[in-house]
Amino acid sequence: MKRLALPALFTVIATHAFAHHGWSEYDANQPLQLNGTIQESGYVHPHGFVRLKTENKTWLVVLAPPTRMENRGLSKEMLVPGGKATVVGYPNRDKPEEMRAERIVIGDKTTELR
């Protein structure tokens, strides 16, 4: 039984590691601050997200893992479609519609994500 469990465990770890991307794909030399309306949100692993509609386009904003967001006071209920948000972070080098958020402001609450 142990022989079967070990390969399965390695498969799960390898799959998770492959699915998780590194932060080097975001350009820390080009900080952004975006204001907009949340169109969609996901409180999912490995990272939460919001689709934020700004004046010019809709961005996919990569957030922190749900456990970190929850520990820092950003609940799933705060990321409701139609809500206003400000995000500060860095653009993806290859995907012009994606950014990684360092912080998010919902109402009068600022949450540091990194």
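Data for the structure
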{"item": "The lone exception for Arg68 - which of (1) within 11 Å of Leu113 (Cβ to Cβ); (2) touching a strand residue (DSSP E or B) at 6+ places or on another chain (Cβ under 6 Å); (3) not small (Gly, Ala, Ser) it fails", "result": "(2)"}
{"item": "Selection count, region 39-52, where residues are farther than 20 Å from Pro96 by Cβ and buried (at least 18 other Cβ atoms within 10 Å of the Cβ)", "result": "3"}
{"item": "Every residue from region 44-65 that is part of a strand (DSSP E or B), under 15 Å from Leu32 (Cβ atoms) and among the hydrophobic types (A, V, I, L, M, F, W, C)", "result": "Val50, Leu52, Trp59, Leu60, Val61, Val62"}
{"item": "Matching entry among Arg114, Arg100, Arg68, Arg51 (being under 12 Å from the mean Cα position of the chain (by Cα) and either among the acidic types (Asp, Glu) or modelled with pLDDT under 95 (or both))", "result": "Arg114"}
{"item": "Tally of residues being touching a residue at least 12 places away in the same chain (Cβ under 8 Å) and of a type in the set (Ser, Thr, Tyr) across region 66-114", "result": "3"}
{"item": "Candidate set: region 1-27, residues that are assigned to a helix (DSSP H, G or I) and charged (D, E, K, R); chosen: the one modelled with the highest pLDDT", "result": "Glu25"}
{"item": "Residues that are touching a residue at least 60 places away in the same chain (Cβ under 8 Å) and part of a strand (DSSP E or B), drawn from region 28-43", "result": "Leu32, Leu34"}
{"item": "Hits in region 86-113 - residues which are assigned to a loop (DSSP other than H, G, I, E, B) and surrounded by 15 or more Cβ atoms within 10 Å (Cβ to Cβ)", "result": "Leu113"}
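The values are calculated or read from the model by the stated rules, or taken from the named source; none is laboratory data. Since we're looking at a predicted model, the values are computed, not measured. So basically every Cβ, Gly included, is an ideal-geometry build from the backbone, and we count neighbours across all protein chains shown.
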